[in-house]
1. Under 8 Å by Cβ, and 6 or more places apart or on different chains, what pairs join a residue from the stretch 212-236 that is farther than 18 Å from Gly127 by Cα with one that is among the small types (Gly, Ala, Ser) and not in a helix (DSSP H, G or I)?
2. For the stretch 53-86, which residues satisfy the criterion of being more than 15 Å from the ligand (Cβ to nearest atom) and within 25 Å of the chain's Cα centre (by Cα)?
3. Looking only at the stretch 170-189, which residues are of a type outside the set (Gly, Ala, Ser), within 12 Å of the ligand (Cβ to nearest atom) and without any contact (Cβ under 8 Å) to a residue 60 or more places away in the chain?
4. With respect to Asp271, is the statement that it is within 21 Å of Val76 (Cβ to Cβ) and in a helix (DSSP H, G or I) true?
5. In the stretch 230-257, what residues are among the hydrophobic types (A, V, I, L, M, F, W, C) and at pLDDT 95 or above?
6. Just to check your reading of the model, which residue among Val84, Val79, Val25 is under 30 Å from Cys172 (Cβ atoms) and at pLDDT 95 or above?
7. Consider Thr37 against the criteria (1) under 15 Å from Leu87 (Cα atoms); (2) among the polar types (S, T, N, Q); (3) within 12 Å of the ligand (Cβ to nearest atom): it satisfies all of them except one. Which criterion is unmet?
8. Does Thr119 satisfy the criteria of being modelled with pLDDT of 95 or more and within 14 Å of the chain's Cα centre (by Cα)?
Amino acid sequence: MGNIGFIGYGNMGSVLLKSMLSAGVIDPKQLIVSNRTASKLDSLKSSYPEIQISGNNQDVAGKCSLIFLCVGTLQVKSVLSDIVRDLSRDAHMVFISAGLEIASIEKVYDGAITRIIPTLLSEVNEGVTLVCHNAKVTESEKQNLDKMLRQIGKTKNIHESQFEVGSDFTSCAPGLIASICDQLIRAGIEKGEFSYEEATTMLLHSLYGTSKLLLQNKETFGGLIQRVAAKGGATEGGVNILEKHLPEIFEKVFDITIRRTDIRKQKTRLDFSS
Ligand SMILES: NC(=O)c1ccc[n+]([C@@H]2O[C@H](COP(=O)([O-])OP(=O)(O)OC[C@H]3O[C@@H](n4cnc5c(N)ncnc54)[C@H](OP(=O)(O)O)[C@@H]3O)[C@@H](O)[C@H]2O)c1
């Protein structure tokens with residue numbers, strides 16, 4: 001395999017890159033990385049001296065056969081326009097931006113393109129990366145990328161039209177779950193004598209154990225509720241309240257996450273058609 005390039009080393013680019021390096025998926029000698037603020041790459045270079053740090057994106061594009069484009073959604077067009085002449089004919093471009101469609105990228109680059117929605121959970125080799133390829137991605141490129149991503153979590157190939165809803169279950173999920181847990185803890189500590197930290201530790205272990213139980217035993221959420229919520233008991237009372245009020249809240253959550261991505265999608269469509 002040829003060189004692998006990363007353009008953009010922010011929140012998500014650094015998670016992807018560092019997770020792949022820790023998992024041994026990428027040989028540091030194959031890597032060429034660029035970032036607008038070069039100093040952000042200093043610690044990466046001191047951990048992996050063999051990595052090539054480049055001062056310009058064209059250099060990364062010209063030397064790599066697989067390129068991860070990890071700049072912000074609104075920066076993609078200008079970065080892509082700058083590097084497109086340097087890309088080799090068979091370069092495989094992987095981009096991670098929410099609210100930016102493959103069809104827009106195809107207006108600038110007429111080659112193999114994969115859109116992924118990564119997750120922060122890759123930092124601990126967990127979570128699901130959503131994947132969608134264009135028609136120019138070869139079977140071997142698909143397998144190669146899948147092999148890399150499966151070392152840092154799970155992958156799921158989906159139709160691009162499902163990225164918005166899918167992201168709520170994968171990429172947004174850590175934030176949504178953290179918010180739900182934070183609210184649960186805040187309400188709970190008002191009723192007892194636990195500190196926020198004590199309650200957090202208890203709930204985190206419950207959360208981890210619940211995931212483990214569901215995944216290992218292949219139990220359903222409904223089945224688990226039935227096992228825990230004895231008729232007339234405390235859990236059943238709590239579950240009844242949640243089932244009464246949460247559907248409306250979650251409908252609003254999906255409405256807003258989908259709407260915000262749609263607004264960004266409209267903007268990027270306009271941007272790429274001009
Ligand atoms: N964060 C998440 O959990 C998440 C999850 C899924 C998808 N995404 C998607 O990932 C993309 C990046 O998000 P992020 O949170 O990682 O953003 P971010 O932290 O702002 O990272 C963007 C990086 O791109 C660099 N950059 C900008 N313009 C550049 C240029 N011309 N040349 C080279 N590097 C350039 C920035 O450099 P500087 O150091 O100079 O700012 C920054 O390091 C977004 O499109 C987002 O939709 C994010």
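1. Close Cβ pairs satisfying both conditions: Thr235/Ala229; Glu236/Ala229; Glu236/Ala230.
2. Result: Ser65, Leu66.
3. Thr170, Pro174
4. On the way: within 21 Å of Val76 (Cβ to Cβ): yes; in a helix (DSSP H, G or I): yes.
The answer is yes for Asp271.
5. Of the stretch 230-257, the ones among the hydrophobic types (A, V, I, L, M, F, W, C) are 230, 234, 239, 241-242, 246, 249-250, 253-254, 256.
Residues satisfying the conditions are Ala234, Val239, Ile241, Leu242, Leu246, Ile249, Phe250, Val253, Phe254, Ile256.
6. On the way: Val84 fails: under 30 Å from Cys172 (Cβ atoms); Val25 fails: at pLDDT 95 or above.
The unique qualifying residue is Val79.
7. Of everything listed in (1) under 15 Å from Leu87 (Cα atoms); (2) among the polar types (S, T, N, Q); (3) within 12 Å of the ligand (Cβ to nearest atom), Thr37 misses just condition (1).
8. Details: modelled with pLDDT of 95 or more: yes; within 14 Å of the chain's Cα centre (by Cα): yes.
Yes: the conditions hold for Thr119.
The values are calculated or read from the model by the stated rules, or taken from the named source; none is laboratory data. For clarity, every value in this text was computed on a predicted model and none was experimentally measured. Cβ coordinates were reconstructed from backbone atoms using ideal geometry, including for glycine residues, and neighbour counts include every protein chain displayed.
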